Amino acid sequence: MPRAVFLTGASGFVGGRLAQSFASDGWRVHALVREGSKCAELEAAGVVLHRGDLRERAAVARVVAAVCAVEREPAIVHCAAVISYRTRDAALQRAVNVEGTRNVLDACRSARIGRIVHVSSVVAVGHSPATDVLLDEDAPFNGAELAVDYVTTKREAEELALAASRTLDVVAINPGAIFGPGGAGANTLRFLNQVASGKLAFLAPPGSIAPVAVEDVVRGARLALERGRSGRRYLLVDSARSLLDCFRSAARELGVAPVRRRAPPALWSALGVGAVVVDRVRALDLMTPQAMRMLGSHFVYDARRAREELGWTSEPFESVLARTIAWAREHGKLAPAR
């Protein structure tokens, strides 16, 4: 196995944890970071920082070449992506998620590198008709019908990565909804604070998710690097959960009143139409039309391939949720419960 790795997205939630994991095991870790990124923890861990923008083809090629000049066939883990459901972020997501991936792959074709692990998403696989219908890695993609920029750009990026496996050694991992302490994502903290404040006490969206601990995503990425089969994707999820179940679990852990019921799909669809009208007049940031469509859909999957081929295991959602809430309380990131 190589003892050097080059990361994109190392200043993010998953990428940062991956960098720390590699560094603590003695790997020489290099990371592409933008100017102005907060990198104190990466620097403290001994990560070698290379400044550049994923959207700039020449900059990516320069950095990959510089890493390969000092390391023998480094592994590549491509984590960087823009996650957004805001209408105005469509161009940015295409530039980073799709063209940024293309830039990384093109740079790798011109360098002597080891295996590439492309960090994709479950949304690149598709969505389910119901909570109890689990999709696997071979499900036909139906995500385009959602008309969500994050879904379509992550799918296109993954297609580029897996197509490159004809000439490069590429493996993809597809994490579900990521939870965990220590820098928990803004969406997770927003969800927990809304439950704690009682703002979600009446109706939960009708959709479903497949949660996974951030630590398990890190382990899955490293197992894919070591044991994955080139040209394959691996779903990393713990279980299938309705959003109503997630909200009630969070309320129970937070000690607040549980959400009473799930919104009927017809009502949710009507609210989504209203969001489209409002978004045209005043750009929405939170309950955007794309976010509404995601929250009304089922993203539930079977991780059997990762468990059998990689030896991957996952922490139960309730345990991850409890740890995340405890961390948020300790660090003052959780509003007082009502």
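Taken together, the values in this text are just the output of simple stated rules run on the coordinates, not laboratory data. Since this is a predicted model, take the numbers as computed values, not measurements. Positions of Cβ are backbone-derived with ideal geometry, glycine not excepted, and every protein chain shown enters the neighbour counts.
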Worksheet item: Toward the positive end of the charge dipole of the chain, about the Cα centre and with charges on Cβ (Lys, Arg +1; Asp, Glu -1), which of LEU223, LEU49, SER269 goes farthest?
Response: SER269
Response to the item:
Computed over the Cα atoms of the stretch 198-268, the Rg and Dmax in Å are 16.7, 48
Response to the item:
Cα convex hull volume per residue for the stretch 185-338, in Å³, equals 135 Å³
Worksheet item: Lys/Arg Cβ at +1, Asp/Glu Cβ at -1, dipole of the stretch 57-138 taken about the Cα centre: which of VAL82, CYS108, VAL125 is farthest positive-ward?
Response: CYS108
Practice prompt. Specify the angular offset, from 0 to 90 degrees and rounded to the nearest 10, of the alpha carbon long axis of helix 243-254 from the longest principal axis of the alpha carbons in the chain.
Written response: 90 degrees
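Taking only DSSP H segments of four or more residues, each worth -39500 (n - 2.57), what value at 222 nm results for the chain once the sum is divided by all its residues, to the nearest 500 deg cm²/dmol?
Working: 12 runs with 136 residues, N = 338.
So the calculated ellipticity at 222 nm is -12500 deg cm²/dmol.
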Discussion item. Suppose we look only past 18 Å in the calculated P(r) of the stretch 28-103. What percent of the Cα-Cα pairs does that tail hold?
Written reply: 46 percent
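Can you tell me the FRET efficiency between GLU226 and ARG261 if r is taken as the Cβ-Cβ distance and R0 is 51 Å, rounded to the nearest 0.05? If you can, show how the numbers build up before the last one.
Working: r = 45 Å, r/R0 = 0.89.
About 0.70, to the nearest 0.05.
Cut-off is 10 Å between beta-carbons; in what order do ASP89, ASP285, ASP149, ASP138 appear when sorted fewest neighbours first? Each step should come with its number before you reach the end.
On the way: ASP89 17, ASP285 12, ASP149 21, ASP138 8.
Lowest count first: ASP138, ASP285, ASP89, ASP149.
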Worksheet item: When the dipole is taken about the Cα centre of the chain, and only Lys, Arg (+1) and Asp, Glu (-1) are charged at their Cβ, what size is it in debye, to the nearest 20?
Response: 540 debye
Worksheet item: Hey, what does the equivalent ellipsoid look like for the chain, semi-axes from the Cα gyration tensor as sqrt of 5 times each eigenvalue, largest first, whole Å?
Response: 33, 22, 20
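Tell me, ASP216, ASP279, ASP238 in order of fewest to most beta-carbon neighbours within 10 Å? Show your work: numbers first, answer last.
Details: ASP216 25, ASP279 19, ASP238 22.
Ascending Cβ contact count within 10 Å gives the list ASP279, ASP238, ASP216.
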Worksheet item: Using θ = phi - 60° and the Karplus form 6.51 cos²θ - 1.76 cosθ + 1.60, what ³J(HN,Hα) does each residue of the stretch 260-277 get, whole Hz, x for Gly and Pro?
Response: 7, 7, 8, 5, x, x, 5, 5, 5, 4, 5, 5, x, 5, x, 5, 4, 5
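Could you state the per residue volume, in Å³, of the convex hull enclosing the Cα atoms of the stretch 157-241? Please report the intermediate quantities before stating the final value.
Numbers: hull volume 10.0 nm³, N = 85.
So the per-residue Cα hull volume is 117 Å³.
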Worksheet item: Does anything in the stretch 31-52 have its amide N under 15 Å from the 7 Å Cα→Cβ label point of HIS331, and if so which residues?
Response: 38-42
Discussion item. Using Cβ counts within 10 Å as a stand-in for footprinting exposure, how do LYS38, LYS154 rank, fewest first?
Written reply: LYS38, LYS154
Worksheet item: Quick one: helix 317-330 against the long Cα principal axis of the chain, what's the angle to the nearest 10°, folded into 0 to 90?
Response: 90 degrees
Worksheet item: Using θ = phi - 60° and the Karplus curve 6.51 cos²θ - 1.76 cosθ + 1.60, what whole-Hz ³J(HN,Hα) does each residue of the stretch 103-109 get, with Gly and Pro shown as x?
Response: 5, 5, 5, 4, 5, 5, 5
Worksheet item: log₁₀ I(q)/I(0) of the stretch 63-193 at q = 0.14 Å⁻¹, via Debye over equal Cα point scatterers, no solvent, to two decimals?
Response: -0.72
Item to complete: Specify which residue in the list CYS68, ALA164, PRO205 is farthest towards the positive end of the charge dipole of the chain, using unit charges on the beta carbon of Lys, Arg (+1) and Asp, Glu (-1), about the Cα centre.
Response: PRO205
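Rg to Rh ratio, the stretch 275-338, alpha-carbon atoms and Kirkwood radius? Write down the numbers at each step before the final one.
Working: Rg = 18.3 Å, Rh = 15.8 Å.
Looking at the stretch 275-338, the ratio lands at 1.15.
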Discussion item. Taking loop as defined by DSSP and a crowding limit of 13 other beta carbons within 10 Å, which chymotrypsin sites (Phe, Trp or Tyr not before Pro) in the stretch 194-256 fit?
Written reply: PHE202
Fill in: Total charge dipole magnitude, the stretch 161-235, about the Cα centre, Cβ charges on Lys, Arg, Asp, Glu only, Debye to nearest 20
180 debye
Item to complete: Would you mind listing how long the stretch 61-139 runs along its three principal axes, going by Cα atoms, in whole Å with the largest first?
Response: 50, 31, 14
Item to complete: Please give the contour-minus-distance gain from GLU41 to ALA139: 0.36 nm per residue of separation, less the Cα-Cα distance, rounded to one decimal in nm.
Response: 31.4 nm
Discussion item. For the stretch 1-56, take the convex hull of the Cα atoms, compute a quarter of its surface area, and give me that in nm², please.
Written reply: 3.8 nm²
